[in-house]
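J.: Here it is: the structure, laid out below.
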Amino acid sequence: MSAKPRIAVLGGGFAGLESLFYLKYKLGDRADLTLVSDEPKFLFKPNTIYIPFGESPEKLQIDLARPLRKQSIRFTSAKVQNIDPDNNEVVTTDGSLQYDYLVVATGAKMRSREIPGLEDHAVTIWTPDEMLRLRERIEWAIQRAKDGSRTRFLFLVPPNNRCSGPLYEMVLMLDTHLRRHGCRESVDLVYATKEESYIEAFGPRLNTVVTDEFRERNIEGHKGFVVTGVEPERVVFQNGEDLPYDVLVCFPPYVASTAFEHLPTDSRGFISVEGDSRRVCGQDRIFAAGDAADFPIKQAFLALLQGDAVGDHIAAEVLESRPDIRFEPMSMCVMEELNKATFAQVPLKETGDPEKPIAVDVDDTEHYKVGVSPLWRLGKATLGIYLPWRFGHGKPFHAGFAWDAMDLGLKVMSRVLAD
Ligand SMILES: Cc1cc2nc3c(=O)[nH]c(=O)nc-3n(C[C@H](O)[C@H](O)[C@H](O)COP(=O)(O)OP(=O)(O)OC[C@H]3O[C@@H](n4cnc5c(N)ncnc54)[C@H](O)[C@@H]3O)c2cc1C
C-alpha cells in the first residue's frame with residue numbers, strides 16, 4: 001500500500017457520495033480520495049416523483065465540482081468499464097487508475113426489454129426525461145377530460161422491480177392532482193402489481209394503508225398479477241387475466257448498471273457482499289454499496305446506511321482501529337400523496353430463504369412504525385433540503401451535529417405522528 005492509501009469510489013449517487021464524504025470526515029488528509037463517475041452532478045432521485053406534476057429536473061441536481069474541490073477530492077469524469085482486482089486497477093473511458101481500497105457504488109439500471117412489448121408501449125419512471133414524458137401523458141389526459149373523453153391509466157409493477165414504492169406515490173399523487181384539476185371522474189386509475197401485498201417489501205402495515213387509500217380514492221387494485229406481455233392497448237398476465245389501458249406507467253425490472261466480470265455477482269449483476277461490512281465476497285480491499293450490491297431491496301435510505309458501513313470499515317482499517325458501524329437494514333421512507341404522506345420505518349431481517357431472502361421483522365414493534373398525516377409532507381420536504389445541503393458541502397448525511405438534530409426531529413415526529 002502507498003504511504004497515503006488511495007481510495008477510489010465509483011459512482012456519484014447516494015451510496016458513493018455517502019461513503020466518500022464519510023471517509024473524508026473520518027480520515028481528513030490521511031487518505032487520497034478519488035471519485036469516478038460518469039455524471040458530474042448528483043441527482044436527488046426520490047424527488048423526481050414531482051417532475052410529472054411540474055417540478056423542474058434541474059432543481060434536483062447538485063453540481064459536484066464545488067464540494068469535491070472544497071474537500072480536496074479528485075474527480076475523474078469517466079465511465080468505469082472494468083475492475084481488475086488482481087492488479088488493484090480500475091479501467092475507465094479516461095484511462096486506468098490504481099487503488100488501495102475500492103468502493104463500487106455504480107447503482108442499477110432498468111431492463112424493460114425482459115417483458116415483451118414493455119419498451120414499446122409503457123411510460124417508465126427512472127430518469128428525469130422519463131418523468132417528463134409522464135408529465136406529457138398527464139397533461140394529455142387532463143385535456144381529454146376537458147374535451148369530454150375518458151382516459152384509463154394502468155400502473156404496473158413487474159417481477160424483478162426492486163423498489164415499488166415510487167409507483168405507489170405516482171398513482172396516489174396523480175389521484176390528488178386530477179382532483180385539484182376537477183377531472184378525476186374522467187380518468188380511471190388502475191394498479192396491477194406482481195406483489196402479493198401492496199408495497200410488499202414494507203410488510204402488512206403498508207398493505208393496509210394502501211388498501212385503504214385505494215378504496216377511498218376509487219383506485220382499482222390487483223395484487224399477485226404477474227405480467228407476461230404488453231400489447232398496444234392491454235397488458236396480459238400469467239393468471240389468464242388482461243387489463244386494458246390508454247396510458248401504461250411502469251417501474252421496470254432492475255439489473256446492475258455495470259457488469260463487473262471479475263467480481264462475484266448474482267444473475268442480475270448485483271455484487272455479492274458480506275452482510276455487516278459490505279465487503280465484496282472474497283475481496284479484502286473492495287466494498288460495494290447501494291443499488292449495485294446484492295441487498296434485495298433497492299432504496300436511497302438503505303444505500304446511505306450501506307455507504308456509512310463501507311466508509312467506517314475502510315476508515316477503521318486505515319486508522320488501525322475497530323469499525324463502529326455495521327449495516328443494519330432498517331428502512332425508512334415517506335410516501336408522498338400530494339395532500340398527505342405516509343411515513344414508514346421498517347426493520348428488515350434475513351430469512352435464509354433464497355426465494356424471499358429479506359422479510360419485515362413484524363415482531364419488532366418498537367421499530368416498525370407507520371403514520372399517515374399531511375405533516376409527513378413536511379418531513380419529506382425537510383429530507384429533500386437536508387441531504388442536498390449536506391452533499392453540496394461535501395459532508396455525509398449521517399454524521400455530525402446536523403445529523404443529530406435531524407435525527408432528533410425525525411424521532412419526535414415519529415413518536416407523535418406514527419405508531
Ligand atoms: C422515481 C424514484 C423514486 C425513488 N424514491 C425513493 C424514496 O423515496 N426513498 C428511497 O429511499 N429511495 C427511493 N428511490 C430509490 C433510490 O433513488 C435509489 O435506491 C438510490 O438512488 C440508489 O443509490 P445508489 O448510490 O446506489 O445509485 P444511484 O443513485 O443510481 O447512483 C449511481 C451513480 O453511479 C454512476 N454510474 C453508474 N454506472 C457507472 C459507471 N459504469 N461508471 C461511472 N459511474 C457510473 C451514476 O451516474 C450515478 O451517479 C427512488 C427511485 C426512483 C427511480
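J.: Between A405 and E328, with labels modelled 7 Å along Cα→Cβ, what's the label distance in nm to one decimal, could you check?
T.: 2.6 nm
J.: Can you give me the angle between helix 400-417 and the longest principal axis of the chain, using Cα atoms only, in degrees from 0 to 90, rounded to the nearest 10?
T.: 30 degrees
J.: Would region 334-397 count as rounded, prolate or oblate if I go by the C-alpha gyration tensor, calling it rounded below 1.5 in a/c and otherwise prolate when a/b exceeds b/c, oblate otherwise?
T.: Oblate.
J.: Is region 53-210 rounded, prolate or oblate when judged by the Cα gyration tensor, a ≥ b ≥ c being the square roots of its eigenvalues, rounded requiring a/c under 1.5 and prolate requiring a/b larger than b/c?
T.: Working: a/c = 2.46, a/b = 1.94, b/c = 1.27.
Here region 53-210 falls in the prolate category.
J.: While we're looking at this one, here's another question. Using only Cα atoms and rounding to the nearest 10 degrees, what angle (0 to 90) does helix 14-27 make with the longest principal axis of the chain?
T.: So the inclination is approximately 30 degrees.
J.: How high is the relative contact order of the chain, given as a whole-number percent (alpha carbon pairs under 8 Å, six or more residues apart)?
T.: Values: 852 pairs, mean separation 79.1, N = 419.
After rounding, I find 19 percent.
J.: For the peptides 307-317, 155-165, 260-270, what is the packing order when you average, over each peptide's residues, the other Cβ atoms within 10 Å and list the highest mean first?
T.: On the way: 307-317: 25.5, 155-165: 21.4, 260-270: 15.9.
With the highest mean Cβ count within 10 Å placed first, the list reads 307-317, 155-165, 260-270.
J.: Could you rank the peptides 292-304, 20-32, 48-60, 84-96 by their average count of other C-beta atoms within 10 Å per residue, with the highest value first? Intermediate values should be presented prior to the final figure.
T.: On the way: 292-304: 22.9, 20-32: 20.0, 48-60: 16.8, 84-96: 14.0.
Those peptides, ordered most packed to least, come out 292-304, 20-32, 48-60, 84-96.
J.: First check a/c for the chain, with a ≥ b ≥ c the square roots of the eigenvalues of its C-alpha gyration tensor; if it is under 1.5, answer rounded, and if not, answer prolate when a/b is larger than b/c or oblate otherwise. Provide the component values of the computation, followed by the final result.
T.: Numbers: a/c = 1.77, a/b = 1.61, b/c = 1.10.
Prolate is the answer for the chain, as a/c is 1.5 or above and a/b outweighs b/c.
J.: Mind checking the dipole of the chain: about its Cα centre, +1 per Lys or Arg Cβ, -1 per Asp or Glu Cβ, Debye to the nearest 20?
T.: Numbers: 50 positive and 62 negative charges, 281 e Å.
Rounded to the nearest 20 debye, it is 1360 debye.
J.: Now for a different question. Report the antiparallel proportion of the DSSP beta bridges in region 85-221 as a percent, rounded to a multiple of 5. Please report the intermediate quantities before stating the final value.
T.: Working: 4 of 14 bridges.
In region 85-221, approximately 30 percent of DSSP beta bridges are antiparallel ones.
J.: What are the GluC sites (Glu not before Pro) within region 151-226 that DSSP puts in a loop, where the Cβ has at most 11 other Cβ atoms within 10 Å?
T.: Taking region 151-226 and a limit of 11 other Cβ atoms within 10 Å, the loop GluC sites (Glu not before Pro) found are E196.
J.: Name the long-range amide H neighbours of E39: under 5 Å, sequence gap of 5 or more, or other chain; modelled H, no Pro or chain starts.
T.: Here G12 satisfy the definition.
J.: Next up: With unit charges on the beta carbon (Lys/Arg positive, Asp/Glu negative), name the residue among F153, G12, L263 whose Cα is farthest towards the positive pole of the charge dipole of the chain.
T.: G12
J.: Calculate, for V416 and L132, the FRET efficiency according to 1/(1 + (r/R0)^6) with r their C-beta to C-beta distance and R0 22 Å; round to the nearest 0.05. Walk me through the numbers before you get to the answer.
T.: Working: r = 37 Å, r/R0 = 1.69.
The value I calculate is 0.05.
J.: At a Förster distance of 45 Å, what's the computed FRET efficiency of S321 paired with V226, Cβ-Cβ distance as r, to 0.05? Each step should come with its number before you reach the end.
T.: Values: r = 49 Å, r/R0 = 1.08.
Computed FRET efficiency for S321 and V226: 0.40.
J.: Are any of the pairs K4/K380; K109/K356; K79/K340; K26/K79 more than 29 Å apart by Cα-Cα distance, and if so, which? Each step should come with its number before you reach the end.
T.: Working: K4/K380 40 Å; K109/K356 22 Å; K79/K340 40 Å; K26/K79 27 Å.
Over 29 Å Cα-Cα: K4/K380; K79/K340.
J.: Run the numbers on region 149-221 and let me know its relative contact order in percent, using alpha-carbon pairs under 8 Å that are six or more apart. Display every interim value, and only then the final one.
T.: Working: 71 pairs, mean separation 27.0, N = 73.
Once divided by the residue count of region 149-221, the mean separation gives 37 percent.
J.: Based on DSSP H runs of at least 4 residues, each adding -39500 (n - 2.57), what is the mean residue ellipticity at 222 nm of the chain after dividing by all its residues, to the nearest 500 deg cm²/dmol?
T.: -10000 deg cm²/dmol
J.: In degrees, nearest 10, range 0 to 90: what is the angle between the Cα axis of helix 165-180 and the longest Cα principal axis of the chain?
T.: 40 degrees
The numbers here are math on the coordinates, done by the rules we state, and not lab data. From a predicted model like this one, the values you see are computed outputs, not experimental measurements. For neighbour counting, all protein chains shown are included, and Cβ atoms are generated from backbone atoms with ideal geometry for every residue, glycine included.
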